[in-house]
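The next block holds one structure in the form of structure tokens; read it before the comments.
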Amino acid sequence: MRKNLVVIIVFFICIMPAYTHVGSPGVIFEGKAGKYDVMVNINPPNVIPGTSLVTLLVESERELKVTAKPVYWFAGYEGTPKADELLPVKGESGKYRGIVWMMNSGSSSVEVTIDDGDEVASVFVPVMAIATAQEEMEPSLGYILAVLAILLVAIMITIVASSASTAMLKPGELPDKRINRRKWIGASISIVVLAVLLFGGKNWWDSWAEDYNRYMYKPMAAKGEIIQEGGQRKLILNADEKSLTNLSSLRKMNWVIPDHGKLMHMFMIRKGTMDVFAHLHPTRVDSTTFETTLPNLPGGRYYIFADITRVTGFAETLVDTVDIPEMNVSFASLDSAKLDKDDTFMITNTLADKDQPQLLDADMLVCGTPGSATELPDGSTAILEASSTGDFVANELYKLTFLIKDPDGEPAELEPYLGMMGHAVIMREDAGVFIHLHPVGNYSMGSQQAMEERFSKGGNAWAALPKVSKTFADSIDQVLVGYSQMPEEELEEIMMGDMVHDITDPAHEGHSVVAFPYAFPEAGKYRIWLQFKRNGKILNAAFDTEVKEF
Amino acid sequence: METIALENNKRVLSQSATATLGIPLYLYATVFASLCVAVGINWDISWHMSIGRDGLLSAPHIAVYLGAVIAGGFSAYEVFRISFWGNHTDKAKSVKFWGIFYGSLGSMFCIWGALAMLTSAPFDDWWHNTYGLDVTILSPPHTVLALGIIMVQFGAIISVLAVMNQSPGDMAAKKKKVLSAMFAISAGFLLCMVFTLVSEFLRRGNMHNVSFYQVSALAFPIFLVSISRAYPGKWGATFMAAIYSLFMMVMAWILPLFPAEPMLGPVLNRITNFQAFNFPILLIFPALAIDYIFAKFQNWNDWKLSILTAFAFVLVLMAFQWPFGDFLQSPYARNWFFAQESWYYAIPPDFEYRYAFQPWRVSSGMALLQGTAIAIGLGFISIRLGLAWGNWMKKVQR
């Protein structure tokens, strides 16, 4: 994939899956399938059973046979159906597209296989198969059905009226008064019976819609609370398992596993102004309770977005808002043992007030915009490359590419942060869209690893898990203790997992560029936070951009 | 030249009348349409159990649409022909409706049925896009389709019946025989459709649960009894049940001969051929009982007759189906004849209760007694309505 590969696919996105992220459609994967660089984009269905639209982009001169199939967490590879072929998109070289049916709700993935005649290689991308929307009937279809229904009612009344009267007359016999009376009685009775039947049918339909609504995906409810203790502010987040209306066995909090070495990635963004951003890693108090000491965040109302992943592959984001009281806590006074070493936060200008920050502060950063450089606390600069047309447009796939330069203006040498060369968080100003991205895409890597491990073992997924979910949670806590005692390099190695990171590849862009494939789902004002590590320090940068309507 | 041409036409007409025994062609068409939908629906269910995925124009769907088109098309043609080009005799044999139209009651049923089937297609498509592709038989759009099919099939019965009722005495024996057979066959296909509609309650695993008998008592007697009453011979219900049983068996024997591979995942049961829909339930025995009672107690009034028949239907069905349920769960039924190995691709084949009754779903003691009493009550309602309906059917002339 070329560095400046922009506007690759036009998505036909009309859906809003809302599980691992908020309001951001589709799953995007970028990586290698054998020797091929591929990008896979999956638009999961918004009703289950339904179809995912799968698009593959691959750089190859050869003609390839591309297939895709669903692999469910609980059914594994043994339970996959015959794969469907993705067909070349006419006029667009290297682009293949097709559909994959998702029959059951739950955690799944789509395996895309490429066969070039010599070698067969595949990648798989986690997809949560969940009903997320209920559609309204289009007026035109409504009118057609209404006309047909009226016609059916009219004919049925005629049939019943005739059945009770003229149909019983011998050939040639003419209807008399009695027969005519019977006709009207028949018609009247049929009107009453049809009215009752239609009323019953409507209730049946309504109950079906209600059931659908009940089982439609709803994020797990969570409640954030601030307590003050020993001169510090602590955030307690309680997940409410009882709020689950569907897939509760897959979504138990005891199934939570570390993703990038952490059980929970919590992002806090000050509501309205978006000028404060924090990436924290709360620890588990009990199966549904997580807590973290807050860094020196200014007071105000904050959005909480807490990403979790489970061993069942089911990843989701817990969402709440919380009021943080003002309290000036200096870093020096923070009990460092209580803050995770990977926790970080930044203060920038507000979204509305770009040119004239109200509170100029030595620590405050000014957000960049596409194409312009923004200076970071250590003197380095970050640039978000503008799209080829200058604007970002909703529903088009971009590679959001950031170029980092050291204070001398030379390409900077980035280091892995939580297993990746960079993390990006994107939010629209109204919080209707929130997403946490990696250079490999926007899927949960923890979920992918959990599924990979599960599929490699085969057999019955449930039988492989402890009967008591608490036992599983305890074993994960032990793993985390192990992580905390590990040298940092070793831990980064684990967090990078199976990622291919080949610096001998001539196309490798060094460690000064980090790029994230993403399609903004809707138009609006967005802020993008970029996080990376240089010289052992976590650095944050932020960019504002306005996304135009497609 | 003109005379010769006329002579030729006459000859063709008389030949065709001999071939059809003077039975109107549209009657054959509607009975054939009834067969098409019965085959299509049975095949479609098997398709969904085995392959899972289908398109609008899958082979079973085409069979169903063909049935709708034939029944609706022939009937609509018949109505238009009589209304606008028909002679006085044609019109005198027809029902006049909406001021200008003339047609047989059977045609009206068929038109309604075809229109309902047509309506169900966009409705079902929207339903799937809104609530997901349902893997259930009983959903509102499927019910519209099923009602349409039942009406087409009922239209075929009524069409045949009207011709029989118009000339009961002076009919040639052969013609009478053919009409009776057509009547029984179309009634049998109707029973297949009714069974399909309620089959979710009538699975093997439910045969020791009283709800099986309650649903059966409500759904089947109304049809069996009305046909028994309207049929010119003694064994109407028996023929109807026999056609249903034979049809279900033949479909269960033929479909598994063809290869099939699941096209939707997860696939928990790897199958390689079509899975049969169902072996028929033993309706033949209560049907025999109905015909026997109706012949034996001709002089009883319909209320008294309904009570006796309700007891007979439920108890005879229980006496045969309950032990037959045990047999179907046994290894002796896992062969091509009984087709009990048939298993949906999305259910694990090692399911604990694949060949066993779930203990909590087996009715016993007072619950069984009370449930049976309720079944008899429901049967009584169904039978009484069926008798009234049968009495009406006997009188249909047009």
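The values are calculated or read from the model by the stated rules, or taken from the named source; none is laboratory data. All values derive from a computational prediction rather than experimental measurement. Glycine gets a Cβ as well: all are built from the backbone with ideal geometry, and neighbour counts include every protein chain shown.
Across region A:138-150, the qualifying residues are those that are surrounded by fewer than 15 Cβ atoms within 10 Å (Cβ to Cβ) and facing another protein chain (nearest Cβ under 7 Å), and the one among them that is farthest from B:S94 (Cα to Cα) is A:L141. Scanning region A:507-528 for residues that are within 30 Å of A:Y36 (Cα to Cα) and assigned to a strand (DSSP E or B) turns up A:V513, A:V514, A:A515, A:F516, A:P517, A:Y518, A:A519, A:I528. Being farther than 30 Å from A:T312 by Cβ, within 45 Å of the chain's Cα centre (by Cα) and among the acidic types (D, E) is a description that applies to A:D206. Does B:F337 meet the test of being part of a helix (DSSP H, G or I), farther than 30 Å from A:A75 by Cβ and not β-branched (V, I, T)? So B:F337 does not fit the description; no.
Contact map, region A:158-177: residues that are more than 7 Å from every other protein chain (Cβ to nearest Cβ) and under 16 Å from B:G155 (Cα atoms) paired with residues that are charged (D, E, K, R) and part of a helix (DSSP H, G or I), Cβ distance under 8 Å, separation 6+ or inter-chain. Pairs shown: A:A161/A:K183; A:A164/A:R182; A:A164/A:K183. Screening region B:89-110 for residues that are at the interface with another protein chain (Cβ under 9 Å from one of its Cβ atoms) and in a helix (DSSP H, G or I) and picking the one that is nearest to the chain's Cα centre (by Cα) gives B:F109. For B:P60, state whether it is away from chain A (no Cβ under 14 Å) and in contact (Cβ under 8 Å) with a residue 12 or more places away in the chain. Criteria met by B:P60. For region A:483-493, does any single residue satisfy the condition of being modelled with pLDDT under 90, aliphatic (A, V, I, L, M) and within 23 Å of the chain's Cα centre (by Cα)? Checking region A:483-493: not a single residue is modelled with pLDDT under 90, aliphatic (A, V, I, L, M) and within 23 Å of the chain's Cα centre (by Cα). Screening the candidates A:I189, A:I227 for the property of being free of Cβ contacts under 8 Å to residues at least 60 places away in the same chain and surrounded by 12 or more Cβ atoms within 10 Å (Cβ to Cβ) yields one hit, A:I189. The single residue among B:A156, B:A181 that is part of a helix (DSSP H, G or I), surrounded by fewer than 18 Cβ atoms within 10 Å (Cβ to Cβ) and either within 11 Å of another protein chain (Cβ to nearest Cβ) or among the small types (G, A, S) (or both) turns out to be B:A181. Is at least one residue of region A:206-213 hydroxyl-bearing (S, T, Y), within 10 Å of chain B (Cβ to nearest Cβ) and not in a helix (DSSP H, G or I)? Within region A:206-213, none of the residues are hydroxyl-bearing (S, T, Y), within 10 Å of chain B (Cβ to nearest Cβ) and not in a helix (DSSP H, G or I). Mind checking whether some residue in region B:352-364 is within 29 Å of B:L255 (Cα to Cα), within 14 Å of chain A (Cβ to nearest Cβ) and not in a helix (DSSP H, G or I)? Within region B:352-364, one or more residues are within 29 Å of B:L255 (Cα to Cα), within 14 Å of chain A (Cβ to nearest Cβ) and not in a helix (DSSP H, G or I).
Which residues, counting only those in region A:516-540, are modelled with pLDDT under 90, crowded, with 22+ Cβ neighbours inside 10 Å and aliphatic (A, V, I, L, M)? If the condition is that a residue be modelled with pLDDT under 90, crowded, with 22+ Cβ neighbours inside 10 Å and aliphatic (A, V, I, L, M), then A:A519, A:L539 are the ones that fit. Figure legend. Inter-residue proximity from region B:362-383: first residues closer than 28 Å to B:N301 by Cβ, second residues not in a helix (DSSP H, G or I), beta-carbon distance below 8 Å, spacing 6+ or different chains. Indicated pairs: B:S382/B:F220.
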